[in-house]
Amino acid sequence: MKLCSFSVKNSYPFSETLGAFVDNQFVDLAASYRTYLRECTDVDQNRVFDIANTLIPNDMTKFLEGGTYSMEAAKKAVEFSKETSPSNDYEKIIYSNDEIKIHAPIKNPPTIRDFLSFEEHFRNSLNASISVDDSKDGTVSLGGTVPKVWYERPIYYKTVASTIIGTEEECVWPSYSKVRDYELEFACVIGKRAENVTASEASNYIAGFLIYNDFTARDTQLSEMEGRLGPAKGKDFCTAMGPYLVTVDEIENVYNLSMTARVNGEVWSQGSTSTMYRTFEDIIEYVSQSEPLVPGDILGSGTVGRGCGLELGKFLKDGDIIELEVEGLGVLRNQIRVNERG
C-alpha cells in the first residue's frame, strides 16, 4: 500500500485522515473500513466508529502501533474501496487529487535518525568547500579522508520532528543561512518495537519506506561542526518527507531503486539505492542494541553520491522548486522560500 495523510479541501473543522493512494485516487481508510463493517459484517452498528477509529486512527504513528491488526484493517479498507461507490449513504470514501491536500505521512515520529550510508557522498563532501561569508577567511571545508570508524559502525545524527513538512509544502529558509542545499535520500519507518534484533531478522520490523530530504543550511552546518558536534541549526529548521509511506510488500528490492533530484525541472542528481554501504537491516541491528526502536521511528539513509549541491558546487535559490524522486516511492516536491526576518 501507499499510505498517506491527507485533509479534504474546504472542509470544516480541519482534520487529517489516514489514506491510501490507489488507482490515482485517495481512499479514506477509516471511512472505507467503517462502511465495510456496516455492510459486510454483523458487528454491532453502535460499535462501528469505535472499532474503525481504533484500528485506523488519523495519526500514522498510532496506526503503526496497532501492528498487524491495523495493517490488515487498512488492506481490507483498500479492497472494499475497489468494490463500492466513491460515496454512500454514510460518508465519502474516495477522493480525487483536486479534492484533497496531502501532508507528511508521519507528523510526530518518536525519533528521527539520519545516517551517513553512501561512501561516495561522504568522500565528495570531505573534499568540498564553501564560502560562508565574503571574506577570504570565510571559506569552510571539512577536509580529510573517510575515518576508519565510518567503516566500523553506522554514523548518524538525530533531528527534530516539529519542522517536518510534506510534499507541495514550502521549505522556509532561515535568515541566518545563505547557502541552501537539498539532500537526495530515502528512509525506512519502523513498524514494531525492535530491541537487540539481528540484521537477519530486522526486515520484519520495517513498516515501509519514504522519500526523505533533510534540507541543509550548508554554511551554518559546516561552521557549527567545527566544534565537533552537530549538525544542529544547520539541519533542524526543515525536513521534508513523503509523499507516501510505501509498505514493504509493494517493493521487490528496495536496494535497487533509481534516485533523481530535479531543480526547476532540470536534473541535478542521479543515483541508486544499490550504492548504500550498509543496509537498513544492518542499521537496525546496530541501533537496537540495548535501545528500543518503536513504531514510527524514522531511519534516513543519508545522501546518495552526488545527491546534493555541496558535491556539485551549486546551491538552491529563493523560489526554486526541488523534486526528489525514488523509483516506486513517488515524487517529493517542495519550494524554497527565504525568510528574511527569522
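A short reminder: the numbers here are calculations on the coordinates, not readings from a lab. Keep in mind the model is a prediction, meaning the values are calculated, not measured. Every residue, glycine among them, receives a Cβ derived from its backbone with ideal geometry; neighbour counts consider all protein chains shown.
What the table shows:
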| quantity | calculated |
| --- | --- |
| Folded to 0 to 90 degrees: helix 29-40 orientation relative to the chain principal axis, Cα | 20 degrees |
| Theoretical FRET efficiency, 1/(1+(r/R0)^6), r = Cβ-Cβ of Glu340 and Glu120, R0 30 Å, to 0.05 | 0.25 |
| Sorted by Cβ density within 10 Å, fewest first, the residues Ile130, Ile321 | Ile321, Ile130 |
| Whole-number D in µm²/s for the chain (Stokes-Einstein; Kirkwood sum over Cα pairs; 37 °C, 0.692 mPa s) | 156 µm²/s |
| Label-to-label distance, nm, for residues given as Ser200 and Val43 (7 Å Cα→Cβ offset) | 4.0 nm |
| Sparsely packed chymotrypsin sites (Phe, Trp or Tyr not before Pro) within segment 59-129, loop by DSSP, other Cβ within 10 Å at most 11 | none |
| Per-selection Rg to Rh, segment 134-261 - Cα, Kirkwood hydrodynamic radius | 1.01 |
| Simple label model, 7 Å out from Cα along Cβ direction - Tyr277 to Lys178, nm | 3.3 nm |
| Beta bridges per DSSP with both ends in the chain, % antiparallel, nearest 5 | 85 percent |
| 18 Å tail of the calculated P(r), segment 2-103, as % of Cα pairs | 42 percent |
| Sites Val160 and Asp318 - FRET efficiency at Förster radius 30 Å, r taken between beta-carbons, to 0.05 | 0.80 |
| Within the chain, longest stretch clear of exposed GluC sites (Glu not before Pro) (DSSP loop, no more than 11 other Cβ within 10 Å) | 84-251 |
| Neighbour-count ranking [beta-carbon atoms within 10 angstrom, fewest first] of Val149, Val304, Val263 | Val149, Val263, Val304 |
| Contour minus Cα-Cα distance for Arg228 and Asn97 (0.36 nm per residue) | 42.6 nm |
| Stretchable slack from Lys62 to Lys192, in nm (0.36 nm times residue separation minus alpha-carbon distance) | 45.7 nm |
| Cross-link table Lys82/Lys107; Lys107/Lys235; Lys9/Lys92; Lys9/Lys75; Lys9/Lys235, entries beyond 20 Å C-alpha to C-alpha | Lys82/Lys107; Lys9/Lys75; Lys9/Lys235 |
| Neighbour-count ranking [beta-carbon atoms within 10 angstrom, fewest first] of Trp150, Trp268 | Trp150, Trp268 |
| Rounded tilt (10° steps) of 67-81 against the dominant C-alpha axis of the chain | 70 degrees |
